[in-house]
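Remarks on the structure that follows.
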Amino acid sequence: MIRKSGLMFILLGVLSILFFLMIDALRIGNNQETIGAAQILGIEFGITLIVVGFGFLKINFSENKITKKHVIAALHKIVDLPSIFWVVTTFLALYLLFFISPMFFSTIKVQYFFKYIPDAWAPYLGFDIETTVRHINEWLTKGVSPYSDGIVPYTPLTLALFTPFIILGYPDYLKLLTMITLASYILATFIIPLFFLQNRKPGFLLLLGVIGLFSYGFQFEIERGQFNMIAFALCLLAVYIFNYQHNFRYFAYLLFSIAVQLKLYPAIFVVMLVRDWRDWKNNIRRVLGLAVFNFLLLFVMGYQLFLDFMRQITSRQLSLQSSRFEDLSISGFTYFLSEGDYGILSRYAGVIGILILALLGVILLAIILHLNRNRETGFNPYLLMVCTIGALMIPTASFDYKLPILTAPMIIFLSCMPAIRDTYEKAASIAIIILMSAAYWSTLYPFTVKSPVFYRNSPALLTILFTTAILYFLLKGKFENTATNKIEKSI
């Protein structure tokens, strides 16, 4: 069969060469420039067929007979490829789709970097931090509450921490904040995961960490003068200290509390400050203690500022719904559905939002109950991933500049994937990892290179959430052990 195929290739190659050599004589086509190029292409194609045909004729059938065993062995080799191969493959696919194609294939000019960071009403760099510092200055000099116009959403402790920025002045404090943000990214993405993973190969850490430095979300974070990476780095450091340096746990509580005061959403990571889910008494005492301590921190700038903050944050949670496409929240996603022409999805957008929130809660609770039932202790990368998605999507308004906090959990999660022996489980896990990594990679690119349906990153985050849950129960919660830790009952 292969020998006949070789002869067929040779014959087709000879006919192709003869046909394209005779095009002029046959007077096919009018454009001589195009016809001349087509002739050369056809001749080259014919030569290629002839070479392939001779290659088939030279095959030794007795030594190279392909059997079912060979096919199965080849499939096993594909399935046995490491997870990082599939992650890199999906990165390259989306790199071609969202970078190479829009930059070099769409027009004759490079326009990829034109207005790809949402400008909204921000007329200059560092708009968010400048607005915050300006409100603090007006409060100190004129007695005007920083919460009076409903713009500044941060806790009194955050305002106290940023008050010294007034001394530096704009744009010097923006430069300082940028350097702190970069240091926080390095800490959260490169250094802390190394302590979690210890002797494991740093392939995912280097791949995701370095690429994340150039991501749209990280640039957006710096451009606005935001401090999500600072809060997340403190939170992740607290999680590490609590789980692996437990003697210093009170420093972990302090770091965690500062993170919560900077950005309220790190509060969801309180479930990561649990080492033994069966020790309910100490777990409840710890959570209540942290809740009381963080509540008391709201009074650091006085009772009146506490009241002003509570009124504003309550109002924002009850009434704010952003129409901005860079809004990651469930609320923003349901608004997007309700305003669009999506048939039944538009009519039931509110119900869909409630279902998403409920599913997120169910997945979180299911993992916790599974950990408790199986008497598992210590740090869990699945739980960290679900908490991160919750931190990104639960707040009423949550924007794309928060996306860099997803990088470290992805590094830890992918690095802790266990070795799988069952072929079918391995194939299923590969498909899920490809889907998860494709969703993650898509968040690194700006909205300007995506179709309007995928402007928002909410669907990508939901994909990561559901694939995490599927992998957890497919693999029965197994993962490669991270740094060792000694479990002891304490608060």
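Numerical summary
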{"quantity": "Elements of type helices (runs of 4 or more DSSP H) contained in segment 379-464, each with 3 or more residues being out of contact with any Cys (no Cβ under 9 Å at 6 or more places or on another chain), of a type in the set (Ser, Thr, Tyr) and over 24 Å from Val271 (Cβ atoms)", "calculated": "423-442"}
{"quantity": "Cross-chain or 6+ apart pairs with Cβ under 7 Å, segment 143-169 first and assigned by TED's automatic domain parsing to the domain that holds Phe309 and under 16 Å from Phe309 (Cβ atoms), then in a loop (DSSP other than H, G, I, E, B) and β-branched (Val, Ile, Thr)", "calculated": "Pro146/Val152; Pro156/Val300; Leu157/Val300; Ala160/Val300"}
{"quantity": "Tally of residues being in contact (Cβ under 8 Å) with a residue 40 or more places away in the chain and part of a loop (DSSP other than H, G, I, E, B) across segment 170-200", "calculated": "4"}
{"quantity": "Subset of segment 378-430 [farther than 27 Å from Ala358 by Cβ, surrounded by fewer than 24 Cβ atoms within 10 Å (Cβ to Cβ) and within 13 Å of the chain's Cα centre (by Cα)]", "calculated": "Leu414"}
{"quantity": "Residue that is closer than 30 Å to Leu444 by Cβ and either outside the structural domain of Ile211 (by TED's automatic domain parsing) or at pLDDT below 70 (or both), where the choices are Val71, Val110, Val51", "calculated": "Val110"}
{"quantity": "Residue tally, condition in a helix (DSSP H, G or I) and at pLDDT 75 or above, over segment 21-48", "calculated": "11"}
{"quantity": "Matching option when the condition is in contact (Cβ under 8 Å) with a residue 60 or more places away in the chain, surrounded by fewer than 23 Cβ atoms within 10 Å (Cβ to Cβ), assigned to a helix (DSSP H, G or I) and touching a helix residue (DSSP H, G or I) at 6+ places or on another chain (Cβ under 8 Å), among Phe269, Phe248, Phe232", "calculated": "Phe269"}
{"quantity": "Residues satisfying the stated conditions in segment 277-296, i.e. of a type in the set (A, V, I, L, M, F, W, C), touching a residue at least 24 places away in the same chain (Cβ under 8 Å) and closer than 15 Å to Ala252 by Cα", "calculated": "Leu290, Phe293"}
{"quantity": "Of all residues making up segment 365-378, the number that are within 14 Å of Leu475 (Cβ to Cβ) and in a loop (DSSP other than H, G, I, E, B)", "calculated": "2"}
{"quantity": "Cβ pairs under 7 Å, 6+ apart, first in segment 325-343 and assigned by TED's automatic domain parsing to the domain that holds Leu461 and surrounded by 17 or more Cβ atoms within 10 Å (Cβ to Cβ), second β-branched (Val, Ile, Thr) and at pLDDT 80 or above", "calculated": "Ser329/Thr396; Ile330/Ile356; Ile330/Ile394; Ser331/Thr396; Thr334/Ile352; Leu337/Ile352"}
{"quantity": "Residue under evaluation Val274, criteria (1) without any contact (Cβ under 8 Å) to a residue 24 or more places away in the chain; (2) outside any helix (DSSP H, G or I); (3) surrounded by fewer than 15 Cβ atoms within 10 Å (Cβ to Cβ), criterion not met", "calculated": "(3)"}
{"quantity": "Phe220 being crowded, with 21+ Cβ neighbours inside 10 Å and either outside the structural domain of Gly378 (by TED's automatic domain parsing) or in contact with a Ser or Thr (Cβ under 8 Å, 6 or more places away or on another chain) (or both)", "calculated": "no"}
{"quantity": "Output for segment 179-234, where each listed residue is polar (S, T, N, Q) and on the phi > 0 side of the Ramachandran plot", "calculated": "Gln198"}
{"quantity": "Verdict on Phe299 being assigned to a loop (DSSP other than H, G, I, E, B) and either out of contact with any strand residue (DSSP E or B) (no Cβ under 6 Å at 6 or more places or on another chain) or surrounded by 18 or more Cβ atoms within 10 Å (Cβ to Cβ) (or both)", "calculated": "yes"}
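Conditions (1) touching a residue at least 24 places away in the same chain (Cβ under 8 Å); (2) out of contact with any Lys or Arg (no Cβ under 6 Å at 6 or more places or on another chain); (3) not polar (S, T, N, Q), marked per residue:
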site: Val351; (1), (2), (3): no, yes, yes
site: Leu355; (1), (2), (3): no, yes, yes
site: Leu364; (1), (2), (3): yes, yes, yes
site: Arg375; (1), (2), (3): yes, yes, yes
site: Ile394; (1), (2), (3): yes, yes, yes
site: Thr423; (1), (2), (3): yes, yes, no
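Quick grid of which residues meet (1) within 29 Å of Asn372 (Cβ to Cβ); (2) in a helix (DSSP H, G or I):
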{"residue": "Leu207", "(1), (2)": "no, yes"}
{"residue": "Phe214", "(1), (2)": "no, no"}
{"residue": "Asn243", "(1), (2)": "yes, yes"}
{"residue": "Tyr253", "(1), (2)": "yes, yes"}
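The values are calculated or read from the model by the stated rules, or taken from the named source; none is laboratory data. Because the structure is a prediction, the values reported are computed rather than measured. Don't worry about glycine lacking a Cβ; one is built from the backbone with ideal geometry, like all the others, and counts go over all protein chains shown.
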